[in-house]
Structures are given as C-alpha cells and as structure tokens.
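The values are calculated or read from the model by the stated rules, or taken from the named source; none is laboratory data. Keep in mind the model is a prediction, meaning the values are calculated, not measured. Cβ coordinates were reconstructed from backbone atoms using ideal geometry, including for glycine residues, and neighbour counts include every protein chain displayed.
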Amino acid sequence: MIETGLAGKVAIVTGAAAGIGKATARRFAQEGCKVASWDVKDAEPEAGGMFQRVDVANAASVETAMEETIRALGPLHVVVNNAGILRDGQLVKFKEGSVTGLMSGDQFDSVIAVNLRGVFVVTRAAASRMIPAGAGGVILNASSVVGLYGNFGQTNYVASKAGVIGMTRVWARELGRYRIRVNAVAPGIIDTDMMKAVPEMTREGLRAHTPLGRMGQPEDIANAYLWLASDAASFVTGAVLSVDGGIVMGT
C-alpha cells in the first residue's frame, strides 16, 4: 500500500458538492486530510472538515473562504481546482443556407469565468499563502481530454480546459522553487451529472471510442488526484495526467 503522507494535512476541493469534487473530497478525507469543501451549492462537509459556499470566479469570495479555512483547519497543503460548468453550443449554426444560431458572449464568458478565471483566482490565493508558510504544497487543476484534442460544440469549454493546461505549466515553473508542485488531470468520459446533460447519442459515440469500453467513475479521477498530491508523486510537476480509458477524440 502506498503511503500518501497526507494524514493531518489541509486540502481545499472546489466544486465539491457532487460528482468528481465530492468523490475527491471524500477520498482525501479517507487518507486523514482535513478537507474544506467549496461549492456554490450546499453540501455536507467530510468528517473532520468543513463546507463553505464559494464562488471561485469571485476574488473576494475566495479570499474570505481561504482565510476561514486556514483559521479553522490550519496551514494549507493541497488545492484541487475541480469546479467547472458547461454551456455548450456551436460557434455558428448554419442550416438551409442561413445562420440559425451563434454561441453567445454570455455562453463563452460564463464558462471562462468559472473554469479558467476560477482556477487562476483560487491558485493565486493559495500560492500567496503557501509560499510564506515555507512548507511547499500541491496545486491540482481539472482540465479535460477535450482540452487536448478539441470537441465539436465546445468552443468555450475547450478554451477553458486548454487554458488550464497552459497555466499549470507556467505555475509549475514559477512555484517549483518554493516546493509547490502543480499538475493537471484530464478526465475522459466520466459518469457525472454534468455528463448526463450531454445528448445520449454523443455519450454513446464517446463511449464507443473508449478502448476500455466504459465511462469512468468519479472515484477514478479522485484516485488520480490523490496520487498526484501524495508523497509518491513528489517529483512530478507540470504534468497533465489523462485519466480517460484510452480515448482518442475524433477517431
């Protein structure tokens, strides 16, 4: 059994009310972490931890919650930037010789605000506290296989997840000197409420292109986050770990 070295450490998990975030908060708590679960929806805290209602795109909300977390649980060691939303749509819909629809500015901006700006805001708040504390830390960011390969009808989501990969690699360079490791996880097709919003025909097509022949479970991603946060991954930074059942988009 791998010794994670996480017992007694403090972790923040965003988007922790359901799906991957909830599974991740639970998995870290099982390893003895004190977990602060953040979400815009209400949720029960994990044993030994706390829940906070936080809008990750709002810097004031994040700063307040960060101070409350550290005051209640102690110095911060791990952040999992999991919060994310979908607002799918084609850039331009064209049918029978006419433009019938466009991706709206609000569709684009809302996804960028949560999925990209939110990761920036939370990581800035976390790193500015981890660095003076001098004990290092781990930042883990949610990307997606579509951030690597693109996907039809997801200009906004793909832009946000590709951007997360870019920021992950920048921060790995900038924060390594302070013993802060920064990595991303790129999930494939995971059985969550967010995925249930995708049309069934699309889901079936994606499943058919997954060599392992199934959708992933939230726990599959939670276990990846746990390993990257653990001592077993102490020399891993700037990486993007695909946890996708082997899917290759577009084939």
Original post:
From the list Leu86, Leu76, which one is modelled with pLDDT under 95 and not in a helix (DSSP H, G or I)?
Top reply: Leu86
Original post:
Which of the following residues is aliphatic (A, V, I, L, M) and at pLDDT 90 or above: Val243, Val248, Val198?
Top reply: Val243
Original post:
Residues in the stretch 78-94: is at least one more than 24 Å from Ala186 (Cβ to Cβ), in contact with a Gly (Cβ under 8 Å, 6 or more places away or on another chain) and touching a residue at least 12 places away in the same chain (Cβ under 8 Å)?
Top reply: no
Subject >> Subset of the stretch 132-150 [modelled with pLDDT of 95 or more and surrounded by fewer than 16 Cβ atoms within 10 Å (Cβ to Cβ)] >> reply: Pro132, Ala133, Gly134, Ala135, Gly136
**OP:** Any chance you could count how many residues in the stretch 28-56 are closer than 18 Å to Asp231 by Cα, surrounded by fewer than 22 Cβ atoms within 10 Å (Cβ to Cβ) and under 18 Å from the mean Cα position of the chain (by Cα)?
**Re:** 1
Subject >> Index of the failed condition, Ala23 passing every other in (1) over 17 Å from Ala232 (Cα atoms); (2) surrounded by fewer than 19 Cβ atoms within 10 Å (Cβ to Cβ); (3) among the aliphatic types (A, V, I, L, M) >> reply: (2)
**OP:** Go through the stretch 92-116 and count every residue that is surrounded by 12 or more Cβ atoms within 10 Å (Cβ to Cβ) and not in a helix (DSSP H, G or I).
**Re:** 5
Original post:
Just a yes or no: is a residue in the stretch 59-68 of a type outside the set (Gly, Ala, Ser), under 19 Å from the mean Cα position of the chain (by Cα) and within 20 Å of Val164 (Cβ to Cβ)?
Top reply: yes
**OP:** Quick one: which residue in Ala59, Ala65 is under 30 Å from Asp231 (Cβ atoms) and surrounded by 12 or more Cβ atoms within 10 Å (Cβ to Cβ)?
**Re:** Ala65
Original post:
Here are some residues: Thr210, Thr237. Which one is over 13 Å from the mean Cα position of the chain (by Cα), part of a loop (DSSP other than H, G, I, E, B) and buried (at least 21 other Cβ atoms within 10 Å of the Cβ)?
Top reply: Thr237
Original post:
Using beta carbons and a limit of 8 Å, which pairs, at least six apart or on different chains, have the first residue in the stretch 215-234 and closer than 12 Å to Arg181 by Cα and the second one assigned to a helix (DSSP H, G or I)?
Top reply: Ala229/Phe28; Ala233/Trp227
**OP:** Only residues that are under 18 Å from the mean Cα position of the chain (by Cα) and among the hydrophobic types (A, V, I, L, M, F, W, C): list them for the stretch 1-27, please.
**Re:** Val10, Ala11, Ile12, Val13, Ala16, Ala17, Ala18, Ile20, Ala23, Ala25
Original post:
Looking at Ile180, Ile190, Ile139, which is the one that is over 21 Å from Asp109 (Cα atoms) and in contact with a Pro (Cβ under 7 Å, 6 or more places away or on another chain)?
Top reply: Ile190
Subject >> Residue check for Glu200: free of Cβ contacts under 8 Å to residues at least 24 places away in the same chain and out of contact with any helix residue (DSSP H, G or I) (no Cβ under 9 Å at 6 or more places or on another chain) >> reply: yes
**OP:** Could you tell me which residue of the stretch 151-173 is nearest to Gly136 (Cα to Cα), considering only residues that are surrounded by fewer than 23 Cβ atoms within 10 Å (Cβ to Cβ) and of a type in the set (Gly, Ala, Ser)?
**Re:** Ala172
**OP:** Could you grab me the full set of residues in the stretch 166-195 that are among the acidic types (Asp, Glu) and at pLDDT below 95?
**Re:** Asp191, Asp193
